[in-house]
1. Each residue of segment 177-186 in order: what ³J(HN,Hα) in whole Hz does its phi give by Karplus 6.51 cos²θ - 1.76 cosθ + 1.60, θ = phi - 60°, with x for Gly and Pro?
2. Using the beta-carbon distance between residue 347 and residue 370 and R0 = 25 Å, what value does 1/(1 + (r/R0)^6) give for FRET efficiency, to the nearest 0.05?
3. Relative contact order (percent) for the chain, with alpha-carbon contacts under 8 angstrom and 6 or more residues of separation?
4. Please list, in order along segment 111-118, the HN-Hα scalar couplings obtained from phi with the Karplus expression 6.51 cos²θ - 1.76 cosθ + 1.60 (θ = phi - 60°), rounded to whole Hz, x for Gly and Pro.
5. In terms of the ratio Rg/(2.2 N^0.38 Å) built on C-alpha atoms, what value belongs to segment 29-96?
6. Using a 1.4 angstrom probe on the protein heavy atoms only, could you order 174, 348, 24 from most to least accessible area?
7. Could you check the spin-label model distance between residue 195 and residue 295? Points 7 Å from the Cα along Cα→Cβ, value in nm.
8. Kirkwood hydrodynamic radius (Cα pairs, Å) of the chain?
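The values are calculated or read from the model by the stated rules, or taken from the named source; none is laboratory data. Quick caveat, the model's predicted, so the values are computed rather than measured. Virtual Cβ from ideal backbone geometry, glycine too; neighbours counted across all protein chains shown. In case anyone asks, the SASA skips ligands and DNA or RNA and just uses the protein heavy atoms, side chains included. Shrake-Rupley method; radii C 1.70, N 1.55, O 1.52, S 1.80 Å.
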Amino acid sequence: MVARVVRGLAFPAGEIPPALRWLMAEFRLIVNESVRIALGQDIRSRFRLARIAYRTLSADHDVYKQYIPSAFEVALGMLKGYRKRVRRGRHTDVPYLRRLMLKAENQSYRLDRETGRLRIPIRAGQQAFLDLPLSDWHRSLLGDASWSLGSLTVTPDRVIVTVRKATPEPYLPMAAIALDTNEDSLDGVIAEGRTASLVTVFFPEVRVVQATHFRRRRRITRKKAHDSRVIRRLLGREGRRERNRVRQRLHLVSKGLIQTAKERHAAIVLENLSLHGAGGRSRRMNRRLSSWPRREIHRQIEYKAALAGVPVIKVNPAWTSKTCPACGARRRDRVGKDFVCLVCDWEMDRQHNAALNILKSALASHEALARAVPVPSAMTW
Ligand SMILES: [Zn+2]
């Protein structure tokens, strides 16, 4: 299987033509009927759902036929989440698509990659058009033929076009950059041959940006306390601006990191933030500094690495900040700014200590990497 990177390009929807709005309402109906049928007959595959429901749904809904399998996919996706919640014993309502929506695969719609004109079939012989406002960044992606078009999603306020690209086979690493992801820095160890060095990339802007927005947000809630709708709208806008600003800064960091990794033929080692072991650390974090920037920088690093052929290894982050990389002893109490081992007197600042443990985990589980990079002997630093 060829690995691919998928990116979503989001556009404001603008004025939605009535025919398209009608189609979105039909699509929502088809999705909700599919959910009902799939749930009633315990169907989990698109193939079985199509066999049982396609004929009726296509007779009942006079829409372009290719939307029906797309609706099946949306319905099965909703049911997957639902079944998972049920399995975990959570109280949950049967899924129901409330918003107007349309999802189309790339063979269903046409996008003029130069002008942004989108042609969406409604039914045989009828179509609707939307003009997507293309930014320079969109143009540069759409102008690059190695990105092919993926699915299209239309909601009342946004249009999302996904683009995808096959990624090169990652190279065999000759070095490793292991990183501990913190609130406003990446703290790492670069291991290359027999040498290892510590690195830190600060992005203090994230903290500053978030603090400013926090203050501004508090002011908004205080001032407009009489109108909860206005507050929600203003806060929504603040949130988006904040994210965009942080995202811009993180892009510079991730770009530099990928360049460094590529030059040294290094693998990048990150904590797997989706594992439960990542908990416990989040408590350490200030409420204002949500973990969103950490997830965002990982997201950026991962897709840029995939496009550049840089291998990424993810390790379980449990205990990384509480283990001694020299003797393996763990501290069960709170670790302060510096990690000090009670058994062997090893001492290092908490973040780099964590990075060293992240590196060791990767070396323990990746033979090819371990061959290229011997475990740095902590005692000789
Ligand atoms: Zn120790």
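1. 10, 9, 10, 9, 9, 10, 4, 9, 7, 10
2. Using R0 = 25 Å, I get an efficiency of 0.45.
3. Values: 610 pairs, mean separation 63.4, N = 381.
Relative contact order comes out at 17 percent.
4. 10, 7, 6, 8, 9, x, 7, 10
5. Values: Rg = 12.1 Å, N = 68, 2.2 N^0.38 = 10.9 Å.
With N residues counted in segment 29-96, Rg over 2.2 N^0.38 Å equals 1.11.
6. Greatest to least solvent exposure: 174, 348, 24.
7. 3.9 nm
8. Working: mean 1/r = 0.0413 Å⁻¹.
Radius from the Kirkwood sum: 24.2 Å.
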